[in-house]
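For reference, the structure discussed in these notes is given below.
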């Protein structure tokens, strides 16, 4: 007798539209923060927008914590959030050090903004596979 072959059923892919919206909002906030930082706007406005980004990322993290280990799209968004928040912290402390040493000028601001993109990319690449259980 022939044995019946069992078909592997496709695992349904859950689209994470909230995650896409969070990524878009954080990317827009990054551009706004970079512009305001370069144009010497007030520290309270910069800190408020950075805090807003952290709250948005933390809120997404808390809401999606249960299914994080099984859904690749949600894990990618959480990797994005981890890289984003870490980059914000690194830029803040580097800018603070430059400000305290009285070396924060227009050229160093541009360098900080461009270097933060590299830091973001490196952290995002380094966290690949961090949240998915195998």
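Just a few scattered comments:
- Set 92, 37: member being touching a residue at least 60 places away in the same chain (Cβ under 8 Å), within 20 Å of residue 110 (Cα to Cα) and part of a helix (DSSP H, G or I): 37
- Some residue of the stretch 27-34 being under 23 Å from residue 72 (Cβ atoms) and within 13 Å of the chain's Cα centre (by Cα): yes
- Checking residue 61 against (1) over 15 Å from the mean Cα position of the chain (by Cα); (2) part of a helix (DSSP H, G or I); (3) modelled with pLDDT under 90, the condition it does not meet: (1)
- Residue among 95, 101 that is touching a helix residue (DSSP H, G or I) at 6+ places or on another chain (Cβ under 8 Å) and surrounded by fewer than 20 Cβ atoms within 10 Å (Cβ to Cβ): 95
- The residue list 69, 53 contains one member that is outside any helix (DSSP H, G or I) and surrounded by 11 or more Cβ atoms within 10 Å (Cβ to Cβ), which is 69.
- Single residue of the stretch 95-132 satisfying the filter (in a loop (DSSP other than H, G, I, E, B) and under 21 Å from the mean Cα position of the chain (by Cα)) that is farthest from residue 37 (Cα to Cα): 132
- Candidates 77, 70, 86, filtered to the one that is at pLDDT below 95 and either on the phi > 0 side of the Ramachandran plot or out of contact with any helix residue (DSSP H, G or I) (no Cβ under 9 Å at 6 or more places or on another chain) (or both): 70
- Restricting 16, 40 to residues that are farther than 18 Å from residue 117 by Cβ and surrounded by 12 or more Cβ atoms within 10 Å (Cβ to Cβ) narrows the list to 16.
The values are calculated or read from the model by the stated rules, or taken from the named source; none is laboratory data. Just so you know, these numbers come straight off a predicted model, no measurement behind them. Cβ coordinates were reconstructed from backbone atoms using ideal geometry, including for glycine residues, and neighbour counts include every protein chain displayed.
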